[in-house]
């Protein structure tokens, strides 16, 4: 870790795609991923369904 | 009312450098985590450009079957559905690994990454089976321009998955032996971005190549 990291307060700055910026803990993270997974399954099944009809 | 109030109204995010108090950019370079993440996104975007070229080639050559079979005759959508399920599940378990890393849980990190790797291997197995089947029946990349572009595009994605699996194994071993050091966490963040990006590319492949190809 650089000297800058130790001296300054970096809270509120997150990297692109960073997970640590979210607030609410693990429960909220798991819920977010579950919702994303369910939506992706729904959209994928719908895509295959449209081709099948 | 202070003199800073009118300035804040004109420049609420203090983007100008005339106001009082700290603002972004004042405290030197950002932490390594942000710089590494930003740099890796630039790599991912360059990878997307590479795939864009292959997608464009496929779109142009999809009809150039040279009297050979088209996608409709070759593709097995059941196998593609299983491959898609494997990748979606592996992306989900990779997300769980991100949460486990954030919680600094060695056990859950390793378990989530093992699941990610197994789903990735499952995907790769089905893809190799499809490629071997096509080549055995004489529909290899040399058969037509359509099949050349198909093998290039889908094979390039499969190659990325193979490299990703090697990276995953290395990452697991390093996290296991060295623990959650700053370096390891940044490397895992890059792997996680890479793996999710491959999932996004697969969504485009199964839509453009398999679903649209099956309807041709």
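Neighbouring Cβ atoms from other chains, within 10 Å of the Cβ of residues in B:30-40, number 5 on average.
Pairwise Cα separations in chain B fall into 5 Å bins from 0 onward with the following percentages, short to long: 1, 6, 13, 14, 14, 11, 9, 8, 7, 6, 4, 3, 2, 1, 0, 0, 0.
Ranking of B:78, B:157, B:196 by neighbouring Cβ atoms within 10 Å, starting from the fewest: B:78, B:196, B:157. Residues B:202, B:108 in ascending order of nearby Cβ atoms (within 10 Å, fewest first): B:108, B:202. The mean number of partner chain beta-carbon atoms within 10 angstrom of a residue's beta-carbon across peptide A:47-53 is 4.
Across chain B, Cα pairs under 8 Å and at least six residues apart give a relative contact order of 29 percent. For chain B, set up a GNM with springs between Cα atoms under 10 Å and report which of B:46, B:148, B:98 has the largest fluctuation. For chain B, modelled as a Gaussian network with Cα springs under 10 Å, the answer is B:46. Mean-square fluctuations from a GNM of chain B, with a 10 angstrom spring cutoff on Cα atoms, peak among B:95, B:67, B:155 at B:67.
For chain B, modelled as a GNM whose springs connect Cα atoms under 10 angstrom apart, the maximal fluctuation among B:74, B:124, B:193 occurs at B:74. Put simply, the Cα atoms of region B:128-211 extend 50, 24, 16 Å along their principal axes, the longest span coming first.
How would you classify region B:31-88 from its alpha-carbon gyration tensor, with a ≥ b ≥ c the square roots of the eigenvalues: rounded for a/c under 1.5, else prolate if a/b is greater than b/c, otherwise oblate? Oblate shape, in that a/c is at least 1.5 and b/c is the bigger or equal ratio.
Report, in cubic angstrom per residue, the convex hull volume of the C-alpha atoms of region B:57-159. Walk me through the numbers before you get to the answer.
Working: hull volume 10.0 nm³, N = 103.
In region B:57-159, the Cα convex hull volume per residue is 97 Å³.
Coordinate-derived values only; no laboratory data. Just so we're clear, the structure is a prediction, and the values are computed from it rather than from any experiment. Quick reminder, even Gly has a Cβ in these numbers, built from the backbone with ideal geometry, and neighbours come from all protein chains shown.
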